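Student: Input: one structure, supplied below.
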Amino acid sequence: MLARSLHPAPKSPRFSIPGRLGLTAWLACALPCGSFAQEATRPEARNAIFFVGDGMGISTVTAARVFSVGVDGQLALDTMPFHALSRTASSDSITADSAATMSAMITGVSTNNGVISMGAESEPADFNMDGDGPPATTLFELAKAAGKRIGVVTTTRVTHATPAACYAHGNHRDAENDFALQALPTDASYNPALLGGLDLLAGGGRRQFLDASMTDEEGEAGRRSDGRDLRAEFQAANYEYVWNAEQWSALGVEQLPVLALFNSSHMEYEHDRALDLGGEPSLVELTLKAVELLEASADDNGWLLLVEAGRIDHAHHGGNAFRALRETEQLDRAVEAASAAVNLEETLVLVTADHSHGFVLAGYPLRPLEELPYKPRDWDEGFATGSARDRLLDVAYHLNARTGEVRAARDANGVPYTALLYASGPGSRTAARVDPREDKANGWFGAEPTGPRDPNYRQEAHVPLSSETHGGEDVSLYGVGAGSHRVRGTLSNTEIFQVMRRALGL
Amino acid sequence: MRSDSESQPEGPPRRGAAAVVLTVVITVVIWRALEVPGDAASALQRTDGLTALETLEPRATPRLSETQAFSSPAWPGAASRPSLSATYLRSVRGAVDEVFVLHRDAARVSWQSPDSGRRVDFEQHGLDPRRVLSQLSVRDEGVVLDLALGDAASDPSAASWADCSLGGFTVQELTALRPTEATREAFGVEFRELRAVGEHEALREVWWNAELEVALEWRRVDASGEVRQVLQDLQRPARAGELRDPVERHPEWRRLDFADWLDEVSEG
Ligand SMILES: [Zn+2]
């Protein structure tokens, strides 16, 4: 593997974009269509990495930039040469969930919220009891048929909506025990379109592989009710099974295929990762090892990898921007590391989000004092020190242009406020607003935050809800490497499938 | 099979998210920061423009044998801890008093807030006895929610087996206090006064019985005000059935991860 610049020379498109009718006809045909396309011309990309930040809306990326590298710093995402907006509405909802959006991105077929890689004829959980539509072919199935190595890496359970949509099909995202069977080559429920099977499946979710009567390596019980231990069954099907960071880092190419399950449920937040009993790899470590194994094992047909930062979404739902931004920072570092580790002349790297959140960076917070292009006449003590991250998380400070003084910005009642806010969620304060620096009442899991810069501070929310909600606006799609020039304009999320398919010649 | 992104406006109604604001405030806590690694933070302070970016070295991760990240005291020994149910009246910063019940035996701890219908159940971890597995039950929602290690650890008084057994403060805070000569008797038990040495300790005083490992009264003061908890009733052993697994206690309730529940109530 060679480290390459993130900026290979742009290439001309080698495929014309088919009309909608032509595309529908292509999707309806069987897998060998991909082979035909390959014969016509050599694919631009041998490999592809598809990064998904679950819930990583544009405001999250912007805030993560300030949080991670400063106001003028550049995330790896910022340096990617191709960019588009992706529309995220699902077949039945203006604001989508991860099941519908990942299904759309990985099959090219729009579907309903809650549905995993089935078309829109399949309503969630078949509530009409009129049967499901056909499964929609996933990019991973096409890649496998074309002889590629395929890997799925996530920080959620590996059977959660986003990873499951790559290798399984079902009318409801909650059927996680069934999705585990769809990845097991020796099971009657196995997804035959995976042919020889996933070469790599890594993340959390041991409970879906273990009967409730069994206890896993970290002392937690399974959630299956069929008496089975799928860890053993995957091993019997020739998979190497690992469950902690040490084993993960020691994996060699001869050990593929690999099933890696690091947690009973979702992997820990990056902020909390050090607490894990057995030791979990970071998303950077997950990504680099996955790339190493797939690259070392692949032939000329190459490989396809999903990397999901799945817990940005969870932290936002809980109204905690700090954890959401740490997760986003990890995704950015994984993108950076992977882009440097692969040959971008033969590898497509895409990064996007499945949907946004009702998360805003508002008000007019000043930059850190030392970054200001002028010297204020006076300032509040709280503004005297602090990085861009502090200015992002803290109460917003404004300049009074008449007096030249920097003071905490105040609402109509004279109470300071933060720049990071949620439209809804558990951060809603039932009592009257108080200065966020004195607000101890609403921390993450009962913590009493020392103020808005505290990692356990929950930002204020307008509408009181148990859980903060997804956002419906477009999200960013970033591209670099072979075939990334198609990332432009405003795309439907179903077209992201087409960008990858065409680049890979599938 | 559809290949476009047309939306169907007549989709199924979205379930309204519960109006209950979930705040796990049935305990009184202090903040103990989980450190952001300094080297990781400094490595990210880059503003080097559009040049190619170097490959980052993966950061060291904790190993099974290296558990210093989980800095929990071994004291007090759980195996010998007497079983009890202690009912307290808790006054939080002048707000209306609320009832808080601590149930405890050698293997389980439960914090109950009867007024709110919420409860946190702790079970000592089978592999690392310093740790806890914890579940939040919400009566109004009919759910038993599994909390992740990091979730519970955000609340220092729930972060470990030893801490959660005390029901409102940490072992570290307790051991920082100094005994005085003052004693009081209540519920047939003698309690000794423990007082903070300096002015900076948030936990100001605890009336403590070391044999039962239970407080008659405690008081903490921080910038946001005073919290006081006073024992109203003490039963030994713990009330029957209170320390059963919450899934057994409420077989009809749904059990899922807290994170998944948030996703679910949000997405309907
Ligand atoms: Zn979500």
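Values in this text are rule-based calculations from the coordinates and carry no lab data. Since the structure is predicted, the reported quantities are computational estimates derived from the model, not experimental observations. Cβ coordinates were reconstructed from backbone atoms using ideal geometry, including for glycine residues, and neighbour counts include every protein chain displayed.
Student: Would you pull out the residues with amide H under 5 Å of A:ARG228's amide H, same chain only if 5 or more places away, H placed 1.01 Å from N?
Tutor: Result for A:ARG228 returns A:ASP211.
Student: For helix A:98-107, report the angle its Cα long axis makes with the longest principal axis of the Cα atoms of chain A; keep it between 0 and 90° and round to the nearest 10°.
Tutor: For A:98-107 against chain A, the angle is about 50 degrees.
Student: Okay, next question. Let me check I have the definition right: for the stretch A:392-499, take the eigenvalues of the Cα gyration tensor, multiply each by 5, take square roots. What are those semi-axes in whole Å, largest first?
Tutor: Over the Cα atoms of the stretch A:392-499, the ellipsoid semi-axes are 36, 21, 13 Å.
Student: Can you tell me the dipole magnitude for the stretch A:163-292 around its Cα centre, using point charges on the Cβ only (Lys, Arg +1; Asp, Glu -1), in Debye to the nearest 20?
Tutor: 340 debye
Student: For the stretch A:82-214, just run the numbers: alpha carbon Rg, then divide by 2.2 N^0.38 Å, N being how many residues it has.
Tutor: 1.03
Student: Same structure, new question: Using a Förster radius of 51 Å, what is the FRET efficiency between A:ASP72 and B:GLU185 based on their Cβ-Cβ separation? Nearest 0.05, please.
Tutor: Computed FRET efficiency for A:ASP72 and B:GLU185: 0.15.
Student: Also, I was wondering about something else. Taking the Cα-to-Cβ direction at B:GLU252 and at A:ALA188 and moving 7 Å from each Cα, how far apart do the two end points lie in nm?
Tutor: 3.4 nm
Student: Suppose R0 equals 41 Å. What FRET efficiency, 1/(1 + (r/R0)^6) with r the Cβ-Cβ distance, do B:LEU127 and A:LEU369 give to the nearest 0.05?
Tutor: It comes out at approximately 0.25.
Student: What number do you get for chain A when its Cα radius of gyration is normalised by 2.2 N^0.38 Å, N = residues?
Tutor: Normalised Cα radius of gyration, chain A: 0.99.
Student: A follow-up question, please. Using alpha-carbon pairs under 8 Å, 6+ residues apart, how would you state the relative contact order of chain A in percent?
Tutor: Answer for chain A is 25 percent.
Student: What does the helix-only formula give at 222 nm for chain A: each DSSP H stretch with n ≥ 4 adding -39500 (n - 2.57), the total divided by the residues, and the result rounded to the nearest 500 deg cm²/dmol?
Tutor: It lands at -7500 deg cm²/dmol.
Student: Using modelled backbone amide H atoms (1.01 Å from N, in-plane), which distant-in-sequence or interchain residues come within less than 5 Å of B:GLN232's amide H?
Tutor: Those lying under 5 Å, H to H, from B:GLN232 are B:THR87, B:TYR88, B:LEU89.
Student: For peptide A:266-273, compute the average count of partner chain beta-carbon atoms within 10 Å of each residue's beta-carbon.
Tutor: 5
Student: If you plug each phi of the stretch A:476-493 into the Karplus form 6.51 cos²θ - 1.76 cosθ + 1.60 with θ = phi - 60°, what whole-Hz ³J(HN,Hα) values come out, in order, with x for Gly and Pro?
Tutor: Values, residue by residue: 7, 10, 10, x, 8, x, 4, x, 7, 5, 6, 7, 6, x, 10, 10, 6, 4 Hz.
Student: Using only the alpha-carbon atoms, how far is helix A:58-69 inclined from the longest principal axis of chain A? Give it as 0 to 90 degrees, nearest 10.
Tutor: 70 degrees
Student: Once you average over the residues of B:148-160, how many Cβ atoms of partner chains fall within 10 Å of each Cβ?
Tutor: 6
Student: Still on this structure, please answer the following. Peptides A:345-354, B:122-131: what's the order by average Cβ count within 10 Å, highest mean first?
Tutor: Packing proxy ranking, top to bottom: A:345-354, B:122-131.
Student: Please list the non-local residues whose amide H lies under 5 Å from the amide H of B:HIS125, H modeled 1.01 Å from N, same-chain partners needing a gap of 5 or more.
Tutor: Hits under the 5 Å cutoff: B:ARG131, B:VAL132, B:LEU133.
Student: Whole-Hz ³J(HN,Hα) for each residue in the stretch A:412-429, computed from phi via Karplus 6.51 cos²θ - 1.76 cosθ + 1.60 with θ = phi - 60°, x for glycine and proline: what do you get?
Tutor: Coupling constants for the stretch A:412-429: 4, 9, x, 9, x, 8, 9, 7, 8, 9, 10, 6, 8, x, x, x, 5, 9 Hz.
Student: Where does the stretch B:141-268 land on Rg(C-alpha)/(2.2 N^0.38 Å)?
Tutor: Normalised by 2.2 N^0.38 Å, the Cα Rg of the stretch B:141-268 equals 1.31.
Student: Next question, about the same structure. If you fit an axis through the alpha-carbon atoms of helix A:321-341 and take the longest principal axis of the Cα set of chain A, what angle between them do you get, 0 to 90°, nearest 10?
Tutor: The angle comes out at about 50 degrees.
Student: Can you give me the orientation-averaged projected area of the convex hull built on the Cα atoms of the stretch A:186-238, in nm²?
Tutor: 4.1 nm²
Student: Mind putting a number on the dipole of chain A about its Cα centre? Charges go on the C-beta only, +1 for Lys and Arg and -1 for Asp and Glu, and I need it in Debye to the nearest 20.
Tutor: Its charge dipole is roughly 1440 debye.
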